[in-house]
Each structure stands twice: as structure tokens, then as C-alpha cells.
Amino acid sequence: MSPELFVETRGHGPDVVFLHGWAMNGAVWRPVAERLAQDFCCHLVDLPGHGGSGMVEPYSIEAMVAALDAAFPLPVQVVGWSLGGAVATRWTLAQPEKIRSLTLVASSPCFAQRDDWPSAMPLATLAQFAASLQTDWRGTLKRFISLQAMGDASARVVARGLTDELFAHGEPQAEALAAALELLRSTDLRSEIARLDLPMLLQYGDKDTLTPLGAAIWLSAQQPNATFIVHRGAAHAPFISHLDEFVDCQRRFLAGV
């Protein structure tokens, strides 16, 4: 049985589902939703174990997709950031008739480095986060947020925005943090990306150290018809640091589907 997902809905118009990244929650999308609400019905989802949503057992991308599928029975457009992008991709692969468009934001089909995949996080970095979660999970989240903002021209603004939304809306469950971090380590969707057949928008920052631009370039090569946007000076959260530019790109793309 799928858990009840916490979903904050704003606006009216075509339905757009927003999925957040590891350890965060749907509230990170509020500034985007406020600007799109006049033209779109924006659904800001807390993934299982995050914010106000319950856990899934076992904790897997497939279980998260099942929960989303139950919550949204009608066709939607989907925007996925980081881990949320992997969930959105798997949802699209599983239910191609339901997903009208797919936006990937600072996401990757494979988040951890492999011998043939250098544009990703080192396995040692993920291992350090996993170890520190056991002793100081709040401190670990703050360090992770700092990494997401590192290199961004608006690093302080990005870090403050992510931190404020994380702790104000609802802290993630410790069990979910560890399980979702393992998903970041183990997920590899590269062999399935070519199967995607729908309108796609890729939005990435050229200063992103967690999802290096090489991953986005690879995705663009696999999906040559996708719209590929590089937000210059942005790191891992272009929807915060480059809000107006990000929303303008989203609006044009979503309206054209």
C-alpha cells in the first residue's frame, strides 16, 4: 500500500508535479510555483520519508513511483530536481502515457562515479555522508547544502534558501535519509534513457559540483530533441540562484507541450 504523500497545490491550469532532491522537501519549489501559478496548477510533492510524507517499504525508486502514480491518476507534466529527477525519469519509463513532459534539473541518470562515468559524485563523498548521518544528521544536511551552493555566484542566497525551507517545512526521517542516500549511490538509469520519448527540458548549472555538466551533456546527446539550458554561474540549485531565468524557461517549455 502506498503512503499518503503530502502535496501542496498552488495555481490553476495544466497540472505540473514538482519533485525535490535528497533530504529536501516540496517547499523548495514555492518561489517557482508562485510565479507559475497564474498559468499552471503546481503540485509540490514531499517524497516518501521527507517533509510531511510517510515512508515506503522497501525504500526504492519503484516504490516512490507507485506512490506518485496513486496520488496523480491523470496525465501530468513533471519537473524533477536531483534525486527527484531520477524518480521522475523512472516514473516516465513506467507510465509513458501519463507523463506529458519531463524536466530534469541538476539531475543525473547515475549520481555516483563509475569507471566509465566520471561526471558524478565520488563514492568516497557519498560514504562520508552516510557515516556522518549516524552521528550528526543535521550537521550533515547543512554540509550537503553547502556543497549544493558551492561555486554559485549567489552561494549564500542558495544555501540560506535551502536551509530555511528544509527545517521550516518539515525535517526528513532519519531512515529515509540513509535509504535515499543509498539510492543516490546505486541508481544507474543510463541504459534506459534512450527509451524516453516525450518533450524534455534539461536545466543545469555550469558550476554544479554534485551533478557536473558532463552528465547533462551526455543526456542531451542521448535525447537530441530535448531543450538543453545551461544557467551560467549556477551550481546545483538554479531554480533558486537564477529564479527569473529558470521560470522563464519553464513557462515557455510547459506552455508549448
Run the Debye formula on the Cα coordinates of the chain, all scatterers equal and no solvent, and tell me log10 I(q)/I(0) at q = 0.07, 0.11, 0.12 1/Å. -0.20, -0.51, -0.62
Order of 143-150, 110-117 by packing, highest average Cβ count within 10 Å first? 143-150, 110-117
For the stretch 35-99, the percent of all C-alpha pairs falling in each 10 Å bin, from 0 up to the bin holding the max distance, is 20, 55, 23, 2
Between Ala221 and Glu97, what length comes free when the chain is fully extended (0.36 nm per residue of separation minus the Cα-Cα distance, one decimal in nm)? 42.3 nm
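Using Cα pairs closer than 8 Å and at least 6 residues apart in sequence, work out the relative contact order for the chain, in percent.
Once normalised by length, the contact order is 21 percent.
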Distance-filtered residues of the stretch 22-40 - backbone nitrogen under 16 Å, label point 7 angstrom along Asp244 Cα→Cβ: 32, 35-36
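Grab the DSSP H runs of the chain that are 4 residues or longer, score each as -39,500 (n - 2.57), total them, divide by all residues and round the 222 nm result to the nearest 500 deg cm²/dmol.
Details: 10 runs with 110 residues, N = 257.
Value at 222 nm, helices only: -13000 deg cm²/dmol.
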Among Glu171, Glu8, Glu62, rank each residue by its count of other Cβ atoms within 10 Å, from fewest to most, as a rough exposure measure. Glu62, Glu171, Glu8
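By how many nm would the segment from Ser132 to Glu175 lengthen if fully extended, with 0.36 nm per residue of separation less the alpha-carbon distance? Numbers along the way, then the final one.
Working: separation 43, 0.36 × 43 = 15.48 nm, distance 1.36 nm.
Contour length minus the Cα-Cα distance gives 14.1 nm.
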Just to check, using Stokes-Einstein with a Kirkwood Rh over alpha carbon pairs, what's the diffusion coefficient of the stretch 188-257 at 10 °C and 1.306 mPa s in µm²/s? 125 µm²/s
Quick check on packing: order 80-92, 119-131 by the mean number of other C-beta atoms within 10 Å, highest mean leading. 80-92, 119-131
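Since every read-out is calculated from the coordinates, none of them should be taken as a lab result. Values in this document were obtained by computation on a predicted structure and should not be read as measured data. Positions of Cβ are backbone-derived with ideal geometry, glycine not excepted, and every protein chain shown enters the neighbour counts.
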